[in-house]
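The values are calculated or read from the model by the stated rules, or taken from the named source; none is laboratory data. Remember, predicted model here, so these are calculated numbers, not experimental data. Cβ: placed from backbone, ideal geometry, glycine included. Neighbour counts: every protein chain shown.
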Amino acid sequence: MSDVIPAPRAVDESVPGEVRLDADTTLWAAPGTGTTERWLRSTLGAALGLGLPPGPQDARNAVRLVLDDTLEPEAHRLRAVAGEGVEIRGGDAAGVFWGAQTLRQLLGPDAFRRAPVRPGTTYALAQQVIEDAPRFPWRGVMLDVSRHFLPKDAVLRHLDLMAAHKLNVFHFHLTDDQGWRVQIKKYPRLTEVGSWRARTKFGHRASPLWDEKPHGGFYTQDDIREIVAYAAERHIAVVPEIDVPGHSQAAIAAYPELGNTDVVDTASLSVWDNWGVSENVLAPTDNTLRFYEGVFEELLDLFPADPACFPRFSEFFHIGGDECPKDQWRQSPAVQARIEELGLADEDALQSWFVRHFDKWLSARGRRLIGWDEILQGGLAEGAAVSSWRGYEGGVTAARAGHDVVMCPEQHVYLDYRQDGGEDEPVPIAYVRTLEDVYRFEPVPAGLTPEQERHVLGTQANVWTEVMEDRARVDYQAFPRLAAFAEVAWSALPAPAARDFAAFERRMAAHYGRLDALGVAYRPPTGPLPWQKRPGVLGRPIEGAPPNV
């Protein structure tokens, strides 16, 4: 049986034999399969030392890429036949690309390196037919680069790791209290001031430790264009997140007039150096609305959504909407007057009004708003989709109201949460979510009708980086659990209790070799390596498992 991750729907290895790829192997690509053709030569070919020159479709030693409209979107069929080569058929260009990812796994760990380690080797795979298609169209990963900035090259590598696991939506968390990470030419202080902080809390916010050196960084507009184009070549949609009206202290530090100036000396604020939820939130003024419309106008150009050129879900724009403390709004005479002027019931309704404004603004430009499930407070914005993070309840409420949902409950797929209860676990956050816990996650909530279930676009794992100071820490927290999550998102698995975790672990034994070749600093099954530990750095462990709602 194939050791491919995520597990394919069907594998037929009943006919013995093998297919060999060597210096004489050619590549034939049908029109519309150019992304996979380029990837095979630049990535797989480079790893194995294969030139994969163009050749005829009927060549006996060839890799052939074919579009087949009898297959569903993103589906593929890989046929490896001795004496004929490898044919990858896809229901669309993305399906062909995912089929190429399957081929890469079948060729072993050497296929995951950047240059040949065994020049001149002939690589073989068993004669077989693999039929595959995803369970969910939205298979996402949220990466927080606000709390700890990751350089552009690390983001591009993250996209490669997503592609290797057939994950197709990159939720790019670009702004928060602790940093603003994208260049906005209309408002240069967002990066001049908002992109760096003077120091950083090391560990949980209760930790007495500080890293006293400045921390920061941002992506230029050309960096963003490069990231989006790189993702599109891998059939990954990039969904940017600009957090409003909460999690906005970095923006207020850069432009104090955005804050509630009648109750806070916003001119004295700096980018926050601690973790948690800042009380400093945006003032619901016309000036704030115009400011963020200006921000969004530049970002819509950087994150285009033309369906002919960019992957599905590129039309989504995430506005956060989570964890917005309302104390300043309650204390502010200006905000209270605004609530009365708008005829609103309370501060929750004011947040809903704020979200609805940008829902309409984005809709008028052919985009769709998505936000965390707090956007349900005070009424759900028309046309908005929901990222359900506080358990299943928000997703259930939204789906029953006819709104699309991405399921990412913290109890199951927050990868900053600790992977084990052992004392050696670095900076232990929240409760234990093991590899098996993630593998048994079920994205579709119980109690929905078939019509309501169709509003579950898919699922997403979230990587919050408060206690991940660099790429290696992100690797450690994400892997191997992201491999388990990818299988949950892609494969047609049985009910959680019936899933064969032991078989998954056996396939992971091969997959660790691929991760090693990619240089991923994952958590070993036996526990952290000495240099992966963070002795003495206080975390936020919570005893007991959460309820499986």
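Could you tell me which residue of the stretch 385-399 is surrounded by the fewest Cβ atoms within 10 Å (Cβ to Cβ), considering only residues that are in a strand (DSSP E or B) and touching a residue at least 24 places away in the same chain (Cβ under 8 Å)? So the residue we want is ALA385. Restricting LEU289, LEU282 to those that are modelled with pLDDT of 95 or more, assigned by TED's automatic domain parsing to the domain that holds GLU466, assigned to a helix (DSSP H, G or I) and hydrophobic (A, V, I, L, M, F, W, C) reduces the list to LEU289. With respect to the conditions (1) at pLDDT below 95; (2) over 18 Å from MET468 (Cβ atoms), ILE184 lacks only one, and its number is (1). Of everything listed in (1) more than 27 Å from LEU167 (Cβ to Cβ); (2) surrounded by fewer than 19 Cβ atoms within 10 Å (Cβ to Cβ), the single unmet condition for VAL11 is (1). Just one of (1) under 27 Å from CYS408 (Cβ atoms); (2) among the acidic types (Asp, Glu); (3) in a helix (DSSP H, G or I) fails for GLU340. It is (1). Examine the stretch 401-416 for a residue that is buried (at least 24 other Cβ atoms within 10 Å of the Cβ), among the polar types (S, T, N, Q) and in contact with a Pro (Cβ under 9 Å, 6 or more places away or on another chain), and state whether such a residue exists. No - not one qualifying residue is present in the stretch 401-416.
Every residue, every condition in (1) within 20 Å of LEU150 (Cα to Cα); (2) in a loop (DSSP other than H, G, I, E, B), yes or no:
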position	(1), (2)
ASP420	no, yes
PRO426	yes, yes
ARG433	no, yes
PHE441	no, yes
ALA446	no, yes
GLN452	no, no
GLY458	no, no
ALA461	yes, no
VAL467	yes, yes
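Return yes when ARG41 is in a helix (DSSP H, G or I) and without any contact (Cβ under 8 Å) to a residue 40 or more places away in the chain and no when it is not.
When the stated conditions are applied, ARG41 passes them.
For first residues located in the stretch 82-98 and under 14 Å from THR25 (Cβ atoms) and assigned by TED's automatic domain parsing to the domain that holds GLN57, partners that are part of a loop (DSSP other than H, G, I, E, B) and of a type in the set (Ser, Thr, Tyr) and lie 6+ apart or on another chain with Cβ distances below 9 Å form the pairs GLY85/THR25; VAL86/THR25; ILE88/THR33.
Quick check on the stretch 125-151: of everything there that is farther than 30 Å from VAL456 by Cα and surrounded by fewer than 17 Cβ atoms within 10 Å (Cβ to Cβ), which residue is nearest to the chain's Cα centre (by Cα)?
Our first condition is that a residue be farther than 30 Å from VAL456 by Cα; within the stretch 125-151, this holds for 125-129, 148-151.
Still in the running and surrounded by fewer than 17 Cβ atoms within 10 Å (Cβ to Cβ): 126, 129, 151.
On the way: ALA126: 33, VAL129: 30, PRO151: 16 Å.
Only one residue tops the list, namely PRO151.
Between ALA267, ALA250, ALA232, the distinction of being in a helix (DSSP H, G or I) and surrounded by 20 or more Cβ atoms within 10 Å (Cβ to Cβ) belongs to ALA250 only. Return a yes/no flag: does the stretch 273-282 have any residue that is over 25 Å from the mean Cα position of the chain (by Cα), surrounded by 20 or more Cβ atoms within 10 Å (Cβ to Cβ) and over 25 Å from ASP144 (Cα atoms). No.
Considering ALA46, ALA23, ALA59, which residue is part of a helix (DSSP H, G or I), more than 26 Å from PRO134 (Cβ to Cβ) and among the small types (Gly, Ala, Ser)? Please lay out each step first, then the result.
Details: ALA23 fails: part of a helix (DSSP H, G or I); ALA59 fails: part of a helix (DSSP H, G or I).
The conditions single out ALA46.
Here is a yes/no grid of residues against (1) in contact with a strand residue (DSSP E or B) (Cβ under 8 Å, 6 or more places away or on another chain); (2) closer than 22 Å to ARG290 by Cβ; (3) in the same structural domain as PRO450 (by TED's automatic domain parsing):
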| residue | (1), (2), (3) |
| --- | --- |
| LEU350 | no, yes, yes |
| VAL355 | yes, yes, yes |
| GLY379 | no, no, yes |
| VAL405 | yes, no, yes |
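Could you please find all residues in the stretch 438-468 being farther than 19 Å from ASP373 by Cα and surrounded by fewer than 18 Cβ atoms within 10 Å (Cβ to Cβ)? The answer is THR449, PRO450, GLU451. Among the residues making up the stretch 306-344, those that are of a type in the set (Gly, Ala, Ser), at pLDDT 95 or above and out of contact with any strand residue (DSSP E or B) (no Cβ under 7 Å at 6 or more places or on another chain) are SER332, ALA334, ALA337, GLY343. Of the candidates VAL244, VAL295, VAL277, the single residue that is in contact with a Cys (Cβ under 9 Å, 6 or more places away or on another chain) and farther than 27 Å from GLY458 by Cβ is VAL277.
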